[in-house]
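Structure record follows, encoded as structure tokens.
The values are calculated or read from the model by the stated rules, or taken from the named source; none is laboratory data. Just so you know, these numbers come straight off a predicted model, no measurement behind them. All Cβ positions, even for glycine, are placed from backbone atoms using ideal geometry, and neighbour counts span all protein chains on display. For the accessible areas, the whole protein counts, side chains as well, though only heavy atoms, and no ligand, DNA or RNA atoms are used. Shrake-Rupley method; radii C 1.70, N 1.55, O 1.52, S 1.80 Å.
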Amino acid sequence: MTVAVQGGSPGGRSDRASRPGLVSRIRQSYNRNWYAWAMVAPVVLVIGTLVLYPLGRGIYLSLTNANSLNVGRTIGVNHIPDSFSWVGFDNYKDILFGDGSYDRFWSHFVWTIVWTAVCVGLHYGIGLGLALLLNRDNLRGRTFYRMMLILPWAVPTFVTIFSWRLMLADDGGIVNSALDWLHLPTQAWLTDPFWQKVSAILVNTWVGVPFMMVSLLGGLQAIPAELYEAAETDGATPWQRFRHVTLPGLRSVSSTVILLGIIWTFNQFNVIFLLFGQSGAPDAQILVTWSYRLGFGQQPRDYAQSAAYGVIILSMLIVFASFYQRWLKRNELANG
């Protein structure tokens with residue numbers, strides 16, 4: 001018996017041939033979902049204005065020799081047009097491989113990596129320790145301790161940093177006064193290159209630990225108590241319960257907060273800039289503050305090199321985030 005399908009076509013070629021184009025599909029989608037398009041449009045406009053346009057402008061400037069002497073500006077009623085020229089990838093070559101590239105880029109790159117690794121490690125380690133303490137049911141005054149530990153995060157960052165700047169002052173600072181009272185050697189926290197880096201890590205740790213603690217505390221409270229009870233029944237030690245129950249239970253939260261911590265710390269402008277000022281601590285400058293210094297902290301202002309630094313920083317973070325996500329997926333598949 002043969003069954004014929006009315007309107008059928010061999011291979012469905014006519015259906016594929018009559019498929020509407022991209023413009024038609026967008027128009028049909030707009031006609032069906034115009035309300036969703038209307039709700040999304042303001043967000044797209046804001047992102048385009050505040051993110052996409054500056055990003056595109058920065059990439060363009062990084063391929064020129066723009067500085068404060070050759071960009072367009074208006075003086076009174078007179079407008080001076082742009083006079084900078086296109087140089088291609090010369091800025092990137094000069095930053096990465098030019099004369100003095102180690103002092104101008106690589107030394108700051110190495111310090112930025114060290115700064116990020118140490119700060120995020122301290123953020124996570126101290127935050128996890130505090131979260132474990134606050135998660136104990138038999139701890140008295142947990143609410144008070146939580147409020148006190150979140151306080152550094154609640155206080156505006158510039159207030160915290162200026163307070164630390166006063167406390168770490170070489171003359172009259174409370175830290176050196178306490179060390180002197182204890183008959184310990186005082187340090188030049190804000191002037192010596194090594195202690196400048198130590199003080200920057202100290203202040204950034206103080207600022208960043210509360211966020212990590214709160215995030216990990218939420219993750220700890222989401223771990224079922226039955227897992228700890230079963231492990232304790234099986235005779236697991238506290239370290240074994242921590243290793244085989246707590247850390248796996250925090251895996252999803254830890255992976256997220258560590259990634260955010262690395263991105264935020266890598267681009268942590270406020271601590272370095274406010275702690276040492278615009279022209280202080282050249283050895284303690286990370287890439288983002290050095291980029292700002294090139295674009296706004298010298299004369300003439302080198303907009304092209306500053307923009308090239310920004311593109312390099314963005315590229316490094318995108319590459320790192322991609323590899324980090326792939327590594328996490330491999331670990332999740334391996335752990336089943």
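General remarks:
- Taking a sphere under 9 Å around the Cβ of THR186 and counting the other residues whose Cβ falls inside, with K and R at +1 and D and E at -1, yields a net charge of -2.
- Cβ-based net charge around SER306, under 14 Å, with every Lys or Arg adding one and every Asp or Glu removing one: +2
- Electrostatic dipole magnitude of the stretch 106-192 [Cβ: Lys, Arg +1; Asp, Glu -1; Cα centre; debye, to 20]: 540
- Based on the Stokes-Einstein relation at 37 °C and a viscosity of 0.692 mPa s, and on the Kirkwood radius from alpha carbon pairs, the stretch 226-336 is assigned a translational diffusion coefficient of 188 µm²/s.
- The helix-based estimate of mean residue ellipticity at 222 nm for the chain, built from -39,500 (n - 2.57) per DSSP H run of four or more residues and divided by its residue count, is -20500 deg cm²/dmol to the nearest 500.
- With all projection directions averaged, the alpha carbon convex hull of the stretch 228-293 covers 6.4 nm².
- Carbon/sulfur fraction of accessible area - the chain, other protein chains in place, 1.4 Å, %: 64
- √(5λ) per eigenvalue of the Cα gyration tensor, the chain, largest first, Å: 44, 39, 19
- Span-like helix ranges in the chain, DSSP H, alpha carbon extent 24 angstrom or more, Kyte mean at least -0.5: 107-134, 193-221, 303-335
- The slack in the chain from ILE80 to ILE26, taken as 0.36 nm per residue of separation less the alpha-carbon distance, amounts to 15.2 nm.
- Packing, as the average of other Cβ atoms within 10 Å across residues, places the peptides 200-208, 297-305, 147-155 in the order 200-208, 297-305, 147-155, highest first.
- For the peptides 311-323, 46-58, 112-124, 165-177, the ranking by packing is 112-124, 165-177, 311-323, 46-58, with the highest mean count of neighbouring Cβ atoms within 10 Å listed first.
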